[in-house]
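Beneath this line is the structure, given in structure tokens, with notes to follow.
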Amino acid sequence: MPSANQTSPGGPDASVTDASSSSAKDGTPAQDGASGPDASLTDASVPDQSAVDAGTYRTSLEVCWKDPSCTRALVVSHGGDWDLGTPYGSRGAFDRAVQNGADGIKTDLRMTQDGVAVVAHSSPIEVYESLDCAGRKIEEMTGAQVAGCHIFPSTSETFQRVSDVLTWARGKVVIMLTVKEARDFPAAIALVNSAGAGNYVYYEVNVSEMQGIVLTAPNWDKLNYMVNLGSPADADLMLDTVKNPRVFMYELDPDYPGGNDATTASQFASRIHLAGKRPFAASDTKNATVDNHLARFNEGFDTVMSYDLKNGVIARTQANQSRGVSPP
């Protein structure tokens with residue numbers, strides 16, 4: 001799912017013990033803006049984030065996620081575990097996702113006029129996302145203004161700052177960041193580096209973003225990425241030619257031309273495995289049944305983004321039990 005042009009999040013109108021441990025690196029995220037201290041970090045002052053606390057597979061990319069030999073099935077919750085009462089992208093939905101067994105949470109990132117990274121899917125804001133701020137553009141608002149917008153239909157939940165999410169997620173869950181505008185990658189990369197959050201945060205990017213703007217961002221190579229493959233040609237480029245070591249996972253949309261055939265999808269997943277990377281796919285948006293999730297796992301996709309976390313966790317449990325992975 002290309003990060004800059006994604007469709008609706010499926011809002012109200014749609015949508016072993018293999019852990020090792022070491023001492024956690026604690027810290028407070030610096031300001032979000034690209035013009036602040038984040039942007040001035042030098043190569044020497046930013047450690048390779050893989051050197052940070054190993055944690056567990058639920059809290060660190062260094063455990064299983066970046067290990068191609070790990071057979072564990074993982075499930076990423078799309079916008080948290082939300083429903084009509086707990087909005088997509090809200091802290092409540094994120095809390096529920098952790099409580100209900102998500103291994104990771106996918107969240108959106110947009111930059112405000114004053115350089116604050118916020119969790120927001122659409123700009124202009126859709127009416128089903130916020131009645132307070134419907135029709136307003138994130139990039140024309142300040143961080144304080146966005147943080148004051150209530151997320152529909154809640155009267156208490158407001159849009160989150162990404163820096164707050166990074167603090168909250170530390171030691172709880174892996175975060176998948178979808179940067180909605182490619183121009184914001186440098187600021188988003190600076191933010192995660194300054195927060196020391198790179199061992200539990202990774203970016204979703206498409207091929208052109210990975211080969212373009214990401215490579216221009218200071219300290220991009222201290223962090224981790226998942227690249228969307230839209231076609232066999234994308235796979236040829238990234239897996240056979242580029243071979244970027246900071247890319248640990250590749251996403252395939254099983255509905256790419258010819259890809260809805262299970263055999264084709266499995267062949268693609270096998271190719272990613274052979275390259276020493278983990279394959280990723282999303283469940284169906286409107287038919288995210290247990291069987292739909294299981295089909296993705298059985299096609300060889302080790303990590304599945306779920307549009308129905310309850311069904312995703314059931315499928316992940318069954319997949320891990322069949323693989324002999326414990327805990328499932």
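The values are calculated or read from the model by the stated rules, or taken from the named source; none is laboratory data. Bear in mind that the values here come from a model prediction, so they are computed numbers and not experimental data. Every residue, glycine among them, receives a Cβ derived from its backbone with ideal geometry; neighbour counts consider all protein chains shown.
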Condition check for Pro12: at pLDDT below 55, part of a loop (DSSP other than H, G, I, E, B), in contact with a Leu (Cβ under 8 Å, 6 or more places away or on another chain) and surrounded by fewer than 19 Cβ atoms within 10 Å (Cβ to Cβ): yes
Which listed residue is surrounded by 15 or more Cβ atoms within 10 Å (Cβ to Cβ) and on the phi < 0 side of the Ramachandran plot, from Asp240, Asp255, Asp221, Asp236: Asp221
Subset tally (residues that are crowded, with 16+ Cβ neighbours inside 10 Å and among the basic types (Lys, Arg)) for region 243-252: 1
Qualifying residue in region 264-276 (condition: modelled with pLDDT of 95 or more, among the basic types (Lys, Arg) and buried (at least 19 other Cβ atoms within 10 Å of the Cβ)): no
Val174 being closer than 27 Å to Pro218 by Cβ and out of contact with any Pro (no Cβ under 9 Å at 6 or more places or on another chain): yes
Residue in region 84-103 that is small (Gly, Ala, Ser), within 17 Å of Ala195 (Cα to Cα) and modelled with pLDDT of 95 or more present: no
Test: residue in region 141-163 that is closer than 28 Å to Pro279 by Cα and surrounded by fewer than 18 Cβ atoms within 10 Å (Cβ to Cβ): no
Residues that are farther than 14 Å from Glu157 by Cα, of a type in the set (A, V, I, L, M) and more than 14 Å from the chain's Cα centre (by Cα), drawn from region 67-117: Ala73, Val98, Met111, Val116, Ala117
Test: residue in region 25-44 that is basic (Lys, Arg) and either at pLDDT 95 or above or under 15 Å from the mean Cα position of the chain (by Cα) (or both): no
Any pair with Cβ under 8 angstrom, 6 or more apart, that starts in region 306-317 at a residue that is crowded, with 24+ Cβ neighbours inside 10 Å and ends at one that is aromatic (Phe, Trp, Tyr) and in a helix (DSSP H, G or I): Ala315/Phe297; Arg316/Phe297
Residue in region 126-137 that is assigned to a loop (DSSP other than H, G, I, E, B), of a type in the set (Val, Ile, Thr) and in contact with a Lys or Arg (Cβ under 7 Å, 6 or more places away or on another chain) present: no
Residue within region 96-113 that is of a type in the set (A, V, I, L, M, F, W, C), over 30 Å from Cys64 (Cα atoms) and part of a loop (DSSP other than H, G, I, E, B) present: no
Every residue from region 296-325 that is hydrophobic (A, V, I, L, M, F, W, C) and over 21 Å from the mean Cα position of the chain (by Cα): Ala319, Val325
Residue within region 222-232 that is in contact with a Gly (Cβ under 7 Å, 6 or more places away or on another chain), closer than 19 Å to Thr303 by Cα and modelled with pLDDT under 95 present: no
Residue among Ala102, Ala134, Ala97, Ala120 that is within 27 Å of Ile272 (Cα to Cα) and not β-branched (Val, Ile, Thr): Ala102
